[in-house]
Amino acid sequence: MTTNRVLTEFTYEPSSVERGYTGQTLYVNLSENTVVAKPVTDVMKEKFIGGRGFGLWLLWHGVNDDTKWDDPENEIVISSGPCGGITQYPGSGKSLVVAISPLTNIVIDSNVGGHFGPLLKFAGWDALEIQGKAERDVIVFIDGVSGRVTIEEAPDVPVDTHLVGHWLIEQMAETEEDRYFMSSVSAGTGAENTRIGCLNFSLYDRKRKSPRFKQAGRGGTGTVFRDKRIKALVVKSPPVKGDSNHPADRARIAAAGVRLHKEIHDHDDHQNRMRRRGTPYLVQIMDDYHLLPVHNFKFGSHPDTPKINGEVWEARFTQGLPDGCWYGCTMACSHAVDGFELRTGPYKGQRVIVDGPEYETIGAVGSGCGIFDPDAILELNFYCDTYGLDTISYGTLTAFAMECYEAGILDREKTGGLDLRFGNAEASLSLLHQMARGEGFGLIAGQGVRRMKRIFAQEYGAAPQFLQDIGMESKGLEYSMYIPKESLAQQGGYGLTNKGPQHDEAWLIFMDMVSNLLPTFEDKAEALHYFPLFRTWFGLCGFCKLPWNDIVPPNNRDADEPAKIPAHVQNYVEIFSGVTGHEITKEDLIAMSEVVYNFQRVFNIRLGYGRREHDAIPYRSQGPVTVEEYEARGEYHDKQLSDVVGIDPAGMPTEEKIATLREYREAQYEKLKDAVYERRGWTSDGVPKLETLRNLGIDFPEVVAVVDKYL
Amino acid sequence: MGKVLSYDPDLCVGCFVCEETCSETWFKVADRQKSNIRIHDDGEGNLSAIFCIQCGECTEICPTGALSQDKRGVVRVKKKLCVGCLACVGFCPYQAMFYHADQTEPFKCVACGKCVQECPAEALAILDE
């Protein structure tokens with residue numbers, strides 16, 4: 001127990017979970033030091049399901065049309081979902097974080113592992129909703145064993161996450177078992193000085209006897225967290241058992257779980273080797289298909305990729321440990337490098353556990369910046385996490401700054417001495433430490449690509465169009481790590497999203513570019529309807545996406561529509577029905593998501609965004625911007641001109657070829673928008689039609705009022 | 001090697017007394033779905049048995065340390081630590097870790113020897129090496 005000054009104490013009778021729900025959410029207001037229990041209404045369960053759906057619903061009612069990310073009424077909502085916390089099926093412990101983002105000014109949703117969400121539920125709460133701003137640094141402690149919530153002043157609690165983790169087990173856990181069933185959420189010093197703050201969700205690794213962390217990376221939720229002056233959220237729950245979620249039909253869930261455990265046991269070694277490599281298995285595959293971001297997405301492959309591919313990480317990761325981020329995840333992709341000695345920064349010389357790196361981090365802080373040194377990637381990964389910085393945004397914005405440096409837009413004077421050449425790991429690490437200290441060029445870079453573009457144009461006289469073309473952001477959010485240039489469907493997968501260019505909505509590159517399964521606009525639009533909705537569903541229920549398609553049954557290729565992995569879709573149908581007792585079909589699963597997805601679109605419109613113009617993407621995500629970039633795959637691009645555009649490139653100067661290809665591809669993207677909006681039941685301005693909202697049963701007066709002015 | 005059950009298919013008569021004895025011993029009910037040994041008859045007179053050989057592979061997969069080998073080499077399930085994830089069921093190379101809807105924790109043969117005593121054909125034995 002801590003000796004912190006308690007600002008508010010709230011006691012409650014921990015309610016038991018029934019069929020995946022506790023039936024109440026916890027509201028904490030840090031400006032007023034109040035804590036309130038709110039009931040979960042029928043509308044919430046029927047229409048918004050849980051997780052991201054609950055987050056959106058609670059946030060919608062907490063903010064107004066003009067709320068900005070740093071207004072006190074902005075909220076951070078954390079919720080798992082009805083299936084979150086079951087232990088039998090791999091990937092069932094996720095939490096969803098929802099807030100208004102400092103990068104995009106619209107709603108961000110971020111899907112994260114770690115134990116917080118499930119333990120929050122077992123402590124009695126379907127969601128945690130935090131509003132207001134504390135005067136001084138605080139922690140919020142939810143004790144689901146004694147039934148007590150406190151807001152406490154926290155002057156002695158550290159800010160950087162790895163220190164918070166150790167503080168948690170040393171100061172808050174009285175017994176060994178307390179460590180098992182406690183979890184924290186924290187950000188870090190970097191989140192205080194940038195817009196790219198992430199949240200770290202802890203779990204206690206019993207074999208390593210240490211806290212570990214998973215990141216809600218995207219959209220700056222850590223920045224909102226520190227703006228509210230929260231150092232940590234802590235939850236403590238009664239011991240987790242196989243039926244803590246009190247499902248309606250445990251046998252059904254167990255059968256699906258054992259089926260998938262066995263599938264992973266039998267086939268993972270021959271498929272993606274997730275248990276040994278985790279997501280870094282993708283590095284080499286992406287390079288092979290020119291999809292790995294290199295030098296700020298200029299190129300899709302590099303001769304040095306074998307230095308950072310899955311084989312390398314398999315050798316670096318400690319093997320043979322059950323590396324799931326929630327109990328029962330036998331996909332176990334949460335790998336770590338143990339005993340890594342830091343060689344820079346405030347923790348230089350310390351030996352630490354590095355959680356990851358994931359594929360995205362390798363692409364972002366590694367190849368995207370031209371850095372192919374595994375030790376540098378590990379150091380950048382560790383510091384991003386402990387400083388509370390999103391590795392994807394950090395890497396993408398650093399790669400952008402590097403290209404600007406090489407193009408002469410930046411120089412040593414403007415960067416305060418940083419030699420931001422591609423490949424300079426030392427410079428990247430210095431930039432990262434500057435962000436944590438709130439100093440120098442780190443303060444500018446930490447604003448993200450969109451704001452850097454403005455600053456470089458206005459203050460350094462750089463050409464706005466060039467910055468727009470190479471700045472890999474859409475809606476204000478930095479791109480995640482797939483080059484979409486040669487897949488129109490994936491350009492839509494990034495651009496026609498709710499939150500910004502994050503692949504968790506749709507990953508269609510292989511279906512489109514490699515397998516050519518989406519030849520027409522209608523095919524692409526159908527895929528951009530189905531897959532974003534299917535993937536949304538994971539975030540409503542508490543699931544991880546990876547066990548859906550990073551392992552597949554050996555006979556999957558014989559199934560109808562193998563890209564959907566029908567056998568695994570059926571598992572989810574079984575589990576949701578088994579947990580809630582509410583029988584669903586695979587079509588219901590899409591219908592559930594469609595409600596929430598459209599509600600989020602309307603939410604963005606309410607905040608002044610969310611229409612066609614906001615679905616614009618930078619040209620670098622559509623095609624080659626520079627001569628160097630065009631000529632790196634000159635023959636391929638020439639063939640595109642002759643075979644696809646229908647123009648003979650012979651004798652044309654490269655600049656003209658680039659312009660011709662660009663005109664064609666930009667027009668294609670606009671046609672794609674038309675097709676997708678139509679399929680989604682939106683107007684050509686990207687606004688959900690009244691009829692669509694009515695069919696989905698969310699034609700609430702306040703929702704209709706938002707879209708009315710655009711119809 | 002420690003204490004482990006052994007089975008001789010040539011002596012087995014397929015009476016399933018072992019299964020009933022086991023479930024009676026551990027679950028107080030005669031239910032073959034709750035037995036730690038499963039006799040399989042392929043319909044052509046070939047009998048085989050599935051039971052834990054105490055190889056210990058499951059102790060590696062368990063995320064909570066609920067599975068461990070005691071000093072005689074027998075793998076035991078510590079119910080207090082178990083979170084019922086059933087990873088051990090899916091990962092047992094011999095499919096000898098079992099589960100049932102009536103309890104959250106999995107179960108397995110601990111070489112107690114009850115079935116050996118009751119087997120009318122002397123097809124079962126406890127080895128202790």
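Counting only other chains, what is the mean number of Cβ atoms within 10 angstrom of the Cβ of each residue in peptide A:239-246?
So the per-residue partner count for this stretch is 4.
Peptide B:59-65 has a mean shielding of 6, counted as Cβ atoms of other protein chains within 10 Å of each residue's Cβ.
Computed over the alpha carbons of region A:401-481, Rg followed by Dmax gives 12.0, 32 Å.
Using only Cα atoms, figure out Rg for region A:177-312 and give it as a multiple of 2.2 N^0.38 Å.
Numbers: Rg = 20.0 Å, N = 136, 2.2 N^0.38 = 14.2 Å.
It is 1.41.
Each of B:G113, B:V4, B:C88 was placed along the dipole of chain B (beta-carbon charges, centred on the mean Cα), and the one lying farthest toward the positive end is B:C88.
Projecting the alpha carbon convex hull of region A:347-420 along each direction and taking the average yields 5.3 nm². Computed across region B:3-128, the Kirkwood radius stands at 14.9 Å (inverse of mean 1/r, all Cα pairs). Label separation (A:K207 vs A:V514): 2.9 nm, computed from points 7 Å beyond Cα along the C-beta direction. How many percent of all Cα-Cα pairs in region A:496-561 sit more than 20 Å apart? Cα-Cα pairs of region A:496-561 separated by over 20 Å account for 34 percent.
Here A:R421 and B:Q103 are evaluated by their C-beta separation; at R0 = 51 Å the FRET efficiency comes out at 0.25.
Between A:L120, A:C325, A:G578, the Cα set farthest toward the positive side of the dipole of chain A (charges on each charged residue's Cβ, about the Cα centre) is that of A:L120.
Using a simple spin-label model with pseudo-atoms 7 Å out from Cα toward Cβ, A:A659 and A:S31 lie 5.3 nm apart. Springs between Cα atoms under 10 Å define the GNM used for chain B, and in it the highest mean-square fluctuation of B:Q54, B:Q33, B:Q103 occurs at B:Q103. Placing a label point 7 Å from the Cα of A:E628 along the Cα-to-Cβ line, the residues of region A:296-329 whose backbone N sits under 18 Å from it are A:296-305. Only DSSP H runs of four or more residues enter the estimate; each adds -39500 (n - 2.57), and after division by the residues of the protein assembly as shown the mean residue ellipticity at 222 nm equals -10000 deg cm²/dmol. Exposure proxy shown here: for A:R450, A:R52, A:R148, the number of other Cβ atoms within 10 Å sets the order, fewest to most, as A:R148, A:R450, A:R52. Expressed as a fraction of 2.2 N^0.38 Å, the C-alpha radius of gyration for the protein assembly as shown is 0.97.
Once the gyration tensor of the Cα atoms in region A:321-388 is diagonalised, the equivalent ellipsoid follows with semi-axes of 22, 16, 10 Å, ordered largest first.
For region A:54-93, the alpha carbon positions stretch 43, 16, 10 Å along the principal axes, listed from largest to smallest. In this simple spin-label approximation, B:V13 and A:L7 carry label points 7 Å from Cα along the Cα→Cβ vector, and these lie 7.8 nm apart.
For region A:142-184, what does the alpha-carbon gyration tensor say about shape, rounded, prolate or oblate, given a ≥ b ≥ c as the root eigenvalues, a/c under 1.5 as rounded, and a/b over b/c as prolate? Here region A:142-184 falls in the oblate category. Checking every one of the GluC sites (Glu not before Pro) in region A:159-198 against DSSP loop status and a limit of 13 other Cβ atoms within 10 Å picks out A:E174.
Cα-based radius of gyration for region A:619-687, normalised by 2.2 N^0.38 Å, reads 1.32. If you model region A:517-598 as an ellipsoid using its alpha carbon gyration tensor, with each semi-axis the square root of five times an eigenvalue, the axes come out at 21, 18, 11 Å, biggest first. Within 10 Å of the Cβ of each residue in B:75-85, the mean number of Cβ atoms contributed by other protein chains is 5. For region A:268-478, the normalised intensity computed at q = 0.11, 0.13, 0.19 Å⁻¹ comes to -0.52, -0.71, -1.34 (log10 of I(q)/I(0), Debye sum over alpha carbons, equal scatterers, no solvent).
According to the Kirkwood relation over distinct C-alpha pairs, the hydrodynamic radius of region A:6-236 is 17.1 Å. Residues of region A:105-129 falling in the label zone of A:N549, defined by backbone nitrogen less than 17 Å from a point 7 Å along Cα to beta-carbon, are absent.
Readers should treat all values here as calculations from the given coordinates under stated rules, not as data from a laboratory. Quick caveat: nothing in here was measured; it's all calculated off a predicted structure. Cβ sites come from the backbone with ideal geometry, for glycine too, and all protein chains shown count toward neighbours.
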